[in-house]
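Undergrad: Here you go, one structure.
The values are calculated or read from the model by the stated rules, or taken from the named source; none is laboratory data. Remember, predicted model here, so these are calculated numbers, not experimental data. Don't worry about glycine lacking a Cβ; one is built from the backbone with ideal geometry, like all the others, and counts go over all protein chains shown.
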Amino acid sequence: MTPPDILRLDTVTKRYSPHLPPAVDHVSLALGQGEILGLLGPSGCGKTTLLRLIAGFEQPDEGDVYLTGQSVSGSTWLPPERRDVGIVFQDYALFPHLTVEKNVAFGLQRRGPGAGAKTGRGGAPSAAAVQQHTEAAIALVGLEGLKHRFPHELSGGQQQRVALARALAPRPAIILLDEPFSNLDVQVRLYLRQEVRDILRQVGASGVFVTHDQEEALALADRVAVMNQGHLEQLDTPERVYDQPASRFVAEFVTQANFLPAQPSPQGWKTEVGCFALEGGADPATGLADLMVRQEDIALVADAAGAAVVRDRQFLGREYKYCLQTPSGRWLYARLPVGPPIAIGSQAQVTVPSGRVRAYPSQGVTVASPGNNVLSIPAVN
């Protein structure tokens, strides 16, 4: 018999005003045991509201939330403290007057360290059980020598570990993390996200984390749920979300790709950088399409007869990022492995493998200028 999903959302909808679109609009998804799900999207897309609905801080207007197969937001409403979820907040939410040890033990004293723990009078967990699980959680996040310190005596990364230990100590069915790395510097963030993933794997915990960082979601999650204006645009593995975006929004937000206007021709879709033999993708009304070209899929060769002009070049350590201008004035961005650089101001030939290009209905081309201003250029008729 297949075990029930740890989490299931059934057409969940949340409105904050009858005069505004829903913050979360008929979202359905499921999470299995030990699976890590990333909720990815721009600010205001509904991902944090969805996390709050799972936690019980918000009640859905429609739909239901199921935890370990039981409804918690339908006819039977369960408050957050009874939902068997651990929560890691963006600002950590540690008690400043309590030590690391007492912060971690706080939830245990109220919820109990997992099923079957020894209890004292009145069903409360015994002091020995609390101590045992507190020490185990602190050891899990590598803070054994710091348990008597207060939060202000810890670095940001150490505080984040304390918050994670506190969430894991009661052995909840699911861990919810709300942008857990946003307050950390880049190096600590990179190290800690891998550490969090390893810890969740080690204890077999299921997790849902909110982020607006594409790289973070792709690196940390088993599956990624991309949200836009309250809707679930795509739910899939990181590889499929990146390689096969289900919508133009996913393609733009996740891959940060270039989009080129294209017109049909006998040889395929005709663009400024070549002709591509692709099927489908055209706008039904105009018959036109925009082709998605990822930055890393562009090949550049310095060529005096080339159509593109190199307007800028950035050295990023392992690669160069080039800003190119086409004859029509559109901007393209390309990422190439480090090698002999192409001089700024020189012309270059642009080539892209047809197998790496995807077509979407034409909406006018969104072009990012070197100054990061966003311009909308109508498709060529």
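Undergrad: Filtering segment 197-214 down to residues that are touching a helix residue (DSSP H, G or I) at 6+ places or on another chain (Cβ under 9 Å) and among the charged types (D, E, K, R), which residue is farthest from residue 164 (Cα to Cα)? Quick ask: steps written out before the conclusion?
TA: Narrowing segment 197-214 to residues touching a helix residue (DSSP H, G or I) at 6+ places or on another chain (Cβ under 9 Å): 197, 199-200, 202-203, 205-214.
Now drop any that are not among the charged types (D, E, K, R), which leaves 197, 213.
On the way: 197: 11, 213: 20 Å.
Filtering segment 197-214 for residues that are touching a helix residue (DSSP H, G or I) at 6+ places or on another chain (Cβ under 9 Å) and among the charged types (D, E, K, R), the one farthest from residue 164 (Cα to Cα) comes out as 213.
Undergrad: Any idea which residue in segment 340-381 is modelled with the highest pLDDT, counting only those that are exposed (fewer than 13 other Cβ atoms within 10 Å of the Cβ) and at positive phi?
TA: Checking each candidate, the answer is 345.
Undergrad: I need the full set of residues from segment 320-338 which are assigned to a strand (DSSP E or B) and among the hydroxyl-bearing types (Ser, Thr, Tyr), in order please.
TA: Correct list: 320, 322, 333.
Undergrad: What about residue 114, is it within 20 Å of residue 202 (Cβ to Cβ), at pLDDT below 90, assigned to a helix (DSSP H, G or I) and assigned by TED's automatic domain parsing to the domain that holds residue 50?
TA: When the stated conditions are applied, residue 114 does not pass them.
Undergrad: Considering only residues that are assigned to a helix (DSSP H, G or I) and of a type in the set (A, V, I, L, M), look in segment 141-173 and name the one that is farthest from residue 33 (Cα to Cα).
TA: 146
Undergrad: If you don't mind, there's one more thing I want to ask. Can you name every one of the strands (runs of 3 or more DSSP E) wholly within segment 1-111 that holds 2 or more residues which are touching a Pro at 6+ places or on another chain (Cβ under 7 Å)?
TA: Hits in segment 1-111: 7-14, 85-88.
Undergrad: Is there a residue in segment 158-168 that is more than 28 Å from residue 56 (Cβ to Cβ) and crowded, with 18+ Cβ neighbours inside 10 Å?
TA: Of all residues in segment 158-168, those more than 28 Å from residue 56 (Cβ to Cβ) come to 158.
Retained after the next criterion (residues that are crowded, with 18+ Cβ neighbours inside 10 Å): 158.
Checked against the condition, which is being more than 28 Å from residue 56 (Cβ to Cβ) and crowded, with 18+ Cβ neighbours inside 10 Å, segment 158-168 yields at least one hit.
Undergrad: Looking at (1) within 14 Å of the chain's Cα centre (by Cα); (2) polar (S, T, N, Q); (3) surrounded by 16 or more Cβ atoms within 10 Å (Cβ to Cβ), can you tell me which one residue 206 breaks?
TA: It fails just one condition, (1).
Undergrad: Name the pairs: first residue in segment 127-156 and under 16 Å from residue 92 (Cα atoms) and assigned by TED's automatic domain parsing to the domain that holds residue 199, second residue surrounded by fewer than 18 Cβ atoms within 10 Å (Cβ to Cβ) and aromatic (Phe, Trp, Tyr), Cβ to Cβ under 9 Å, at least 6 apart or on different chains?
TA: These pairs meet every condition: 151/95.
Undergrad: Every residue in segment 2-55 that is under 24 Å from residue 251 (Cβ atoms) and among the charged types (D, E, K, R), please.
TA: Matches in segment 2-55: 25, 47.
Undergrad: What tally of residues in segment 260-278 results from selecting those that are touching a residue at least 60 places away in the same chain (Cβ under 8 Å) and within 15 Å of residue 362 (Cα to Cα)?
TA: 6
Undergrad: Among the residues of segment 214-251, what is the count of those that are surrounded by fewer than 20 Cβ atoms within 10 Å (Cβ to Cβ), among the aliphatic types (A, V, I, L, M) and in contact with a Pro (Cβ under 9 Å, 6 or more places away or on another chain)?
TA: Number of matching residues: 2.
Undergrad: Sticking with this one: Residues that are within 26 Å of residue 194 (Cα to Cα), touching a strand residue (DSSP E or B) at 6+ places or on another chain (Cβ under 7 Å), at pLDDT 90 or above and crowded, with 21+ Cβ neighbours inside 10 Å: does segment 88-105 have at least one?
TA: Among the residues of segment 88-105, at least one is within 26 Å of residue 194 (Cα to Cα), touching a strand residue (DSSP E or B) at 6+ places or on another chain (Cβ under 7 Å), at pLDDT 90 or above and crowded, with 21+ Cβ neighbours inside 10 Å, which makes the answer yes.
Undergrad: While we're on this one: Inside segment 275-309, can you point out the residues that are over 32 Å from the mean Cα position of the chain (by Cα) and in a strand (DSSP E or B)?
TA: Once the filter is applied, which keeps residues that are over 32 Å from the mean Cα position of the chain (by Cα) and in a strand (DSSP E or B), segment 275-309 yields 275, 301, 302, 308, 309.
Undergrad: Can you name every residue in segment 18-35 that is surrounded by fewer than 21 Cβ atoms within 10 Å (Cβ to Cβ) and under 19 Å from residue 87 (Cα atoms)?
TA: Scanning segment 18-35 gives 30, 32, 33, 34, 35.
Undergrad: Given the condition under 29 Å from residue 251 (Cα atoms), surrounded by fewer than 21 Cβ atoms within 10 Å (Cβ to Cβ) and modelled with pLDDT under 90, answer yes or no: does some residue in segment 170-183 qualify?
TA: Within segment 170-183 (the criterion being under 29 Å from residue 251 (Cα atoms), surrounded by fewer than 21 Cβ atoms within 10 Å (Cβ to Cβ) and modelled with pLDDT under 90), the answer is yes, since at least one residue qualifies.
Residues are listed down the side, and each one gets a yes or a no for (1) modelled with pLDDT of 95 or more; (2) over 26 Å from residue 247 (Cα atoms); (3) surrounded by fewer than 12 Cβ atoms within 10 Å (Cβ to Cβ):
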position	(1), (2), (3)
263	no, no, no
268	no, no, no
273	no, no, no
277	no, no, yes
283	no, no, no
306	no, yes, no
313	yes, yes, no
318	no, yes, yes
